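Note sheet for the following structure.
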Amino acid sequence: MPLIPLRPLLETVDKYHYAQGAFNVNAVAQAKAAIEVHEMFRSAAILQGADLANGFMGGRTDFQNATLEDKKIGAKNIANAVKKYAEDSPIPVVLHLDHGKNFDSCKAAIEGGYTSVMIDGSHHPIHDNIQMTKEVVEYAHARGVSVEAEVGTVGGNEDGVVGGIKYADLNECVRLVQEANVDALAPALGSVHGPYQGEPVLGFTEMEAIGKATNMPLVLHGGTGIPDEKIKKAIACGTCKINVNTECQLAFNKL
Ligand code: 13P
């Protein structure tokens, strides 16, 4: 079937109180494998391409230096492949841009065929984050594409997204959701991209409060290394999408 946007999938997830894994892919073969595994479980699939990973998939091996042109080519390459696999598949598939750096990155992904984008304005003051997000939402919604935004910052390093942990502020989350009209919210609450140093410490009380105050499906970044019990608790606190990247790349590199 054709690719679907994120919003209708997360509405179903929210209604039935489970969560959907969202898995990063850096190659066409990885996308194919991820869809096949979801088919085995008769589950919908969310595949993600990170902003710089689009540069890599556009042929830029030094992806840290990827230009907008590289990202445009990469977005089209991966979207064409994922579209083809999804069309032959009985499961719904979302193709989501992970950590879109700015409007142009999101536009490149949407033009390439992504059905959902994250605009990551979390490193900017909240007013600027809201403005950036609003601009992307207007462009994306006019094209049937969903938008995820982030408040607070996730720790660690992922494809050039480097940060220290900064907890999301509840009032800022409410403001962003009300003013920018997003489809999913990622409140950073102690999670880390890449491996954890010891047991992850997540702000479940804050997560539940933000979920209730915003009435939004929440996204948990930094899924690699979070124990099952904490994953279950995050779902009970309103998390509907759990991002996993490092674990996918480690598995792929072992092949
Ligand atoms: P991990 O690499 O820790 O799984 O995090 C993935 C992620 O949050 C993608 O946005």
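Here, each number is a calculation from the coordinates, and none is a lab measurement. Predicted, not measured: the structure shown is a model, and the values here were computed from it. No Cβ is skipped: glycine too gets one built from the backbone with ideal geometry, and neighbour counts run over all protein chains shown.
Brief remarks follow.
- Some residue of the range 116-137 being farther than 25 Å from Leu220 by Cβ, of a type in the set (Gly, Ala, Ser) and in contact with a strand residue (DSSP E or B) (Cβ under 9 Å, 6 or more places away or on another chain): no
Let's see how each residue does on (1) among the charged types (D, E, K, R); (2) in contact (Cβ under 8 Å) with a residue 40 or more places away in the chain; (3) out of contact with any strand residue (DSSP E or B) (no Cβ under 7 Å at 6 or more places or on another chain); (4) within 15 Å of the ligand (Cβ to nearest atom):
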| residue | (1), (2), (3), (4) |
| --- | --- |
| Ala149 | no, no, no, yes |
| Val162 | no, no, yes, yes |
| Pro187 | no, no, no, yes |
| Glu199 | yes, no, yes, yes |
| Leu202 | no, no, yes, yes |
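- Residue among Asn171, Asn181 that is surrounded by fewer than 17 Cβ atoms within 10 Å (Cβ to Cβ) and either under 24 Å from Ile46 (Cα atoms) or among the β-branched types (Val, Ile, Thr) (or both): Asn181
- Residue within the range 224-238 that is within 19 Å of Lys166 (Cα to Cα), among the small types (Gly, Ala, Ser), touching a Leu at 6+ places or on another chain (Cβ under 9 Å) and crowded, with 19+ Cβ neighbours inside 10 Å present: yes
- Scope the range 213-254; condition within 8 Å of the ligand (Cβ to nearest atom) and β-branched (Val, Ile, Thr); matching residues: Thr224, Val244, Thr246
- Residue count for the range 1-19, restricted to those that are closer than 20 Å to Ile110 by Cβ and surrounded by 15 or more Cβ atoms within 10 Å (Cβ to Cβ): 7
- Residue within the range 77-92 that is surrounded by 19 or more Cβ atoms within 10 Å (Cβ to Cβ) and closer than 21 Å to Leu250 by Cβ present: yes
- Residue match in the range 64-73 (condition: in contact with a strand residue (DSSP E or B) (Cβ under 9 Å, 6 or more places away or on another chain) and crowded, with 20+ Cβ neighbours inside 10 Å): no
- Scan of the range 103-145 for residues that are of a type in the set (A, V, I, L, M, F, W, C), in contact with a Cys (Cβ under 9 Å, 6 or more places away or on another chain) and assigned to a helix (DSSP H, G or I), ordered by number: Val136, Ala140
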